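Report on one structure; see the data block that follows.
Here, each number is a calculation from the coordinates, and none is a lab measurement. All values reported here derive from a predicted model rather than from experimental measurement. All Cβ positions, glycine included, derive from the backbone under ideal geometry; neighbour counts span all protein chains shown.
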Ligand code: SAM
Ligand code: DTB
Ligand code: SF4
């Protein structure tokens, strides 16, 4: 068993190594070809295939609730064009430094009592700092784990030593998104490379932490960019155990603040293709759910989404709220995982 896991980690590294001059090294062309075929299917056929695979690998009646907590907000040195927390843009986000343990544990307890089995702590860092803040993060991971929740963090880039220490503290998963295709990435972020993101994902995987990696649609990318984004994730061995699919929440003050809201059918296509290509992954319907009707959300669940971020807020922007989420599941005869 141990040998098998090591082998998988080696494969992950091999499969994601890259040469900046040959960006296709991030994915197999056969994978991209398969994605193109699936992605362009008529919606009834696409959903039928996705549903079949979903049912073979998951309980299609269940949705996992994951609560996000912004444990350190705003004033981020990165220039991610979508993000209200970047110090490069003037937005309405109220910055704060790292929250104390008592407040975070209180939030985690509330999340659990509202049905969440996963709690994700997000920080507006380019990379996880060393020293006092790192020690505080380790304490937060240990304390949330004691509540018997899946602990996830999204704290920017981490090195291999930090990943090992987080794993020892009991971290279940680490979220670090590739965001979009390797090519379109350069239109969206200038302050760190796609390759640096991949290296953080390798450090997470090598430490035995579950990889959570996905991205955003609605940033002006082409259909081909969306397909390549899914091809990079689907070429990882093993596949990320969790794949968040975000629809851009356009925030005033950011360079993407004027982008139109994504057509929900586009989201369904992404979810269904992710489900078919990565059958065992948790496909998370993440940001942008507040723009979806109950019917559109139902279609996403039918297409294989099996987790949502619940609560009044995502990190800094508004979300549907737990009672609304419970109401939809109830209406659909579904329940919380
Ligand atoms: N600073 C860390 C990082 O960048 O990895 C963690 C937090 S960051 C906010 C987590 C992810 O949220 C981003 O990678 C991006 O995919 C998503 N995100 C941020 N702003 C968004 C927006 N306005 N709409 C949709 N998704 C967004
Ligand atoms: C992810 O892919 N989406 C979540 C989670 N991972 C951390 C975050 C969405 C953030 C949306 C913008 C905001 O609320 O600040
Ligand atoms: Fe900073 Fe993360 Fe926002 Fe980028 S997405 S600006 S790294 S908080």
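Can you say what percent of the DSSP beta bridges in the chain, counting only those with both residues inside, are antiparallel? Round to 5.
Rounded to the nearest five, the antiparallel share is 10 percent.
How many percent of all Cα-Cα pairs in segment 12-336 sit more than 27 Å apart?
Numbers: 20832 of 52650 pairs.
In whole percent, the share of Cα-Cα pairs in segment 12-336 beyond 27 Å is 40.
Segment 236-335: D in µm²/s via Stokes-Einstein (Kirkwood Rh, Cα pairs, 10 °C, 1.306 mPa s)? It would help to have the intermediate numbers written out before the result.
Values: Rh = 14.2 Å.
The calculation lands on 112 µm²/s.
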Original post:
What is the distance in Å between the Cα centres of segment 32-69 and segment 119-163?
Top reply: 30 Å
Subject >> Antiparallel %, DSSP beta bridges [both residues in segment 72-175], to 5 >> reply: 10 percent
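By count of other Cβ within 10 Å, fewest leading, how are 322, 91 ordered?
Numbers: 322 20, 91 16.
Neighbour counts put them in this order, fewest first: 91, 322.
What's the extension gain from residue 61 to residue 130 if we count 0.36 nm per residue and subtract their Cα-Cα distance?
Numbers: separation 69, 0.36 × 69 = 24.84 nm, distance 4.23 nm.
Result for the pair: 20.6 nm of gain on full extension.
Sort 197, 118 so that the residue with the fewest other Cβ atoms within 10 Å of its own Cβ comes first and the one with the most comes last.
197, 118
What ranking of 151, 283 emerges when the number of other C-beta atoms within 10 Å of each C-beta is taken as an exposure proxy, fewest first?
Numbers: 151 24, 283 28.
In increasing order of surrounding Cβ atoms, one gets 151, 283.
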**OP:** Within segment 254-296, find all residues whose amide N lies under 16 Å from a label point positioned 7 Å from the Cα of residue 28 along Cα-to-beta-carbon.
**Re:** 276-280
